[in-house]
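As structure tokens, the structure follows; a few thoughts come after it.
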Amino acid sequence: MTEGGKGLLAAAAVVSVVAAGGAGVLVRQQVEMGTGEAPAATAIVDGSLMASNSDISGMSEGEYFYKLTQLLSSTYVEQIQEPQDLAAGAVRGLIGSLADPHSRFYDADEFKRLRERQAGTYHGIGAELQYRYNEEQLDKARNRDSSTDALLLIPDIVVAAVLPGSPAEEAGLEPGDVIESIEGKWVMNPRDILKLRRLNEQVEEGSVNDEELMKFREDFNEKAENSLTPARATQKLNEDGDRISLTWLRDGKKISGKAARRVTSIEALRKTDSGLSVTLLNGSADQLARAVKDGASTLDLRGNPSGSYEVMEQALKAIAPSGEYGVLRTDDGADQGVKRSEGSGSLSGLQILTDRTTQGAAAAFALALEELGAATVKGDLDREPIWVEQHALPNGSGYTLAVGKLVAKGEQQ
Amino acid sequence: MKIVGKIGLLIGLATIAFASGFAFMDLRNGEAPSAEAFTALVKGEDAAPTPTETFTDHYSLIANRHLRDLPDDELRYSAMGGMFAALGDPHTVFLRPEVAEEFSLENNGDFVGIGARLGEDPLGALVATVFEDAPADRAGIRPNDIIIAVDGEKVAGETVTDIVSRIRGEEGTVVKLTLLRKGSADPLQISVTRAEVQVPSAEGRILNDAPVGYISVTQFSESTTGQFEKDLRKILSRNPEGLVIDMRSNPGGLLDTASKMLGFFAEGKTVVTTVGRNERSEKYSTPRGKSLGINLPIAILIDGQSASAAEIFAGAMQDYGLAELVGTHSYGKASVQNVIPLIDKSSAKITIAKYLLPKGRDISRKVDADGVYISGGIDPDHEVELEEPMEAIYGEWARDSQLRYAADLVMRR
């Protein structure tokens, strides 16, 4: 009987005690096995609560949530200090169930850091980091496919942009690099797990000998004992502190280096050889308006993997002509809303430099200006950026939510 | 209240008993909405939102605006799961209907197994222990074998709990296991007939390599007290220089048993103080007149899987000054849960009481929202890791570094 192996997840002490009180909970009383006596069943019934007539489909999420908070308040062993944390926890669960790489929950500290980055202040190595998931596994998870492999859902940490003047730049990191280890600790990723599984299959086929598999497995387990989750690794890279040693992968090659961890500040607008480099930070709309008025003719939007859509819309309002520039399309092809510029300018002839590192709000900005006839886009870019909304919760936490792909108006599927 | 005094700690699925016809909690309590509505009236429009308002606002936002559709019940269950996780108590969880059902099935104990304890492994499940003379042992399964398939289906990536459910089944039925074994060229196919397994929960002897008594306690069931006393007396009659009690991988069991076993060492002493929601604390004490008059140095072995009654036993002995703890910090479970089935067949498992150790320590395990350990458990007096975790065999001098340390310790005292 594999009792111990079940682990403590399944181990539970089950005690039903008489729970009197305002929540009106109906429970059956049992005498716990403390003395080995058989349970005695005594039911305490509050007449209005009999389950038989009730139909869950009629109950709203709000009621359900409220009832559960009541239940917890009246039975949980500790006083619930911050009830708003329960609401935030519920939202965290919701966002998690979306299994969407662009929809993320941030606890209070993380959300504060996100907003600092959106204002141009970066802590740690000064690089924009993204999680890259195995899309096939994500899809399975979304479809509640029981063959979803939790280990393969672990994302890679990819450098999306390196801030100018940052420790990451000094250490030689480049966009596209995948973080492999920090201070000698392996950052969990699915590649080694896939290799292990493939070796296993090869052993079954007979093409690889058993010893190699066992050796790899032992090495793997040793690495796993001293590893970091992607969340913990990202935290280390985004906080100030001592210099740290890192290794990363570029085109299959491993590179190592050391990076300081300190504050890196960037300006929204920076004059470079190629024009005016723009990062859509808070407050950049006004600066952009002034620059354009002063005759700026080339905007460089490269190196912009993230950015707030709210700021993007402000920027459009500041410099773009009015008009519709696109429509939000959901995953099943429905249109969720037309996007229009609130601007009133007569801007034209602007040149925008982009490449694959122009993503999200920056890409939408470029596409909008192009669609409105105000600019021409030079270079590669993400032509169907995912529109992401950002929302704050009362307890300081927050989340991003992907609401649709921005596509040009009139474009058929 | 007398009932509270009888509350025992029930860990270990085999000993959980549900009375028939568990009660339901009706979530449609007619009172609550009006109570909230009233509060809203009194507070006025600009007042901070209630947790329920926060939840419903963001639930609607996410459900309506996300670029993908998700079924309502999926969203609801994920939200409630996240809400419970916000408490940071790994034992207070929301169980969605399919999980709640599995949980209750496991506790009914009609299923039997093969007599082996399994642990995690990236290729499937690792055989950690094989019980002497049980089906697995007789079929030739050995510790450190890796189960990679059950009845022909690969199990890589599944949780140990899931793999265990596949292996368990009705008595007399056969399960086919595919195993990897070091030194064996091809995977092994072994068929095992499931049977009721009697696990001796306490076994003791004098060590071969040192004049020290060694008792291994694997769980705290009803029969453990008797077995423990019998082997303890046997050991004492041989006049050892010290005693090592092994509580590693012991998931706990009946608090009453732990208390009786403590009674052999200390009479009429507090075992735990129970703290519940209503803040009334009850003391639970060791029996009188059962002391065996032991005056030996004692070391107790613990590890990360020592939980509940095992932690209480070890912690109490430590608090009485009767033993030193050797190994790694324990799990952190000394609490009682109530499982409340909800109207839609989901369940809420909620910690309703905690057990504090004699000197008042609260050892409850705290985790973050991702379930990662933050604090909890008992720290050993002597931190000792197993030298070879993959190859170690508990109780075998040559392959158990923690045992060697403990034996040396008691001989020196």
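Just a few scattered comments:
- Bins of 5 Å, starting at 0 and running to the largest distance - Cα pair percent for the stretch B:262-391: 2, 10, 16, 19, 18, 14, 9, 6, 4, 1, 0, 0
- The GluC sites (Glu not before Pro) of the stretch B:133-214 meeting both criteria, a DSSP state outside H, G, I, E and B (loop) and at most 14 other C-beta atoms within 10 angstrom of the site's C-beta, are B:E170, B:E171, B:E196.
- Excluding same-chain neighbours fewer than eight residues apart, the lysines reachable from B:K176 by a Cα-Cα span under 25 Å are A:K6, B:K154.
- Accessible-area composition of the stretch B:152-252, carbon plus sulfur, in percent [1.4 Å probe]: 43
- Qualifying GluC sites (Glu not before Pro) for the stretch B:278-337 [loop in DSSP, other Cβ within 10 Å: at most 13]: B:E279
- Cα-Cα over 27 Å, subset of A:K215/A:K236; A:K223/B:K349; A:K258/A:K378; B:K230/B:K359; A:K271/A:K317: A:K215/A:K236; A:K223/B:K349; A:K258/A:K378; B:K230/B:K359
- Cα radius of gyration and Dmax for the stretch A:70-113 (Å): 13.2, 37
- Ratio Rg/Rh, restricted to the stretch B:62-176 and using Cα atoms, in which Rh is the Kirkwood radius: 1.09
- Pairwise Cα distances in the stretch B:163-313 exceed 28 Å in 38 percent of cases.
- A:R198 versus B:M411: modelled label distance in nm, points set 7 Å from Cα along the beta carbon direction: 5.1
- In units of the rule-of-thumb radius 2.2 N^0.38 Å, the stretch A:274-369 shows an alpha carbon radius of gyration of 1.06.
- The stretch A:93-110 versus the stretch A:144-208: alpha-carbon centroid distance in Å: 21
- Anchor B:K290: aspartates and glutamates whose Cα lies under 13 Å away (excluding residues fewer than 8 positions away in-chain): B:E229, B:E267
- Inter-label distance, B:K283 to B:S375: 2.6 nm, where each label sits 7 Å from its Cα along the C-beta direction.
- Under the Debye formula (equal points on every Cα, no solvent term), log10 I(q)/I(0) of the stretch B:293-360 at q = 0.15 Å⁻¹: -0.58
- Evaluating 6.51 cos²θ - 1.76 cosθ + 1.60 at θ = phi - 60° for every residue in the stretch A:197-208, the Karplus couplings come out as 5, 5, 4, 4, 5, 5, 5, 5, 6, x, 8, 10 Hz, glycine and proline recorded as x.
- Residues of type aspartates and glutamates that A:K254 reaches as a straight line, Cα spacing below 14 Å, ignoring anything fewer than 8 places off in the same chain: A:E174, A:D177, A:E180
- Pairwise centroid distance, computed over Cα atoms, of the stretch B:153-226 with the stretch A:247-289, Å: 56
- Contact surface B-A: accessible area buried, both sides summed, square angstrom, 1.4 angstrom probe: 10700
- Residues B:V155, B:V130 ordered from highest to lowest accessible area at a 1.4 Å probe: B:V130, B:V155.
- With the convex hull of the Cα atoms taken as the outline of the stretch A:99-216, the averaged projected area works out to 10.1 nm².
- Residues within the reach of a label modelled at A:R132 (point 7 angstrom out along Cα to beta-carbon, backbone nitrogen below 17 Å), restricted to the stretch A:72-112, are A:101-102.
- Per residue, the stretch A:240-328 exposes an accessible area of 49 Å² to a 1.4 Å probe, with every protein chain left in place.
- Of the trypsin sites (Lys or Arg not before Pro) in the stretch B:230-337, the ones in a loop by DSSP (not H, G, I, E or B) with at most 11 other beta carbons within 10 Å are B:R238, B:R280, B:R288.
- Debye-formula intensities of the stretch A:257-323, expressed as log10 I(q)/I(0) at q = 0.23, 0.25, 0.27 Å⁻¹, are -1.05, -1.19, -1.32 (one equal scatterer per alpha-carbon, no solvent).
- Size descriptor, Kirkwood hydrodynamic radius, that averages inverse alpha-carbon separations across the stretch A:134-285, Å: 18.2
The values are calculated or read from the model by the stated rules, or taken from the named source; none is laboratory data. Fair warning: this is a prediction, and the values are worked out from it, not measured in the lab. Here the Cβ is made from the backbone with ideal geometry for all residues, glycine too, and neighbour counts use every protein chain on show. Accessible surface areas use protein heavy atoms only, side chains included; no ligands, DNA or RNA. Shrake-Rupley method; radii C 1.70, N 1.55, O 1.52, S 1.80 Å.
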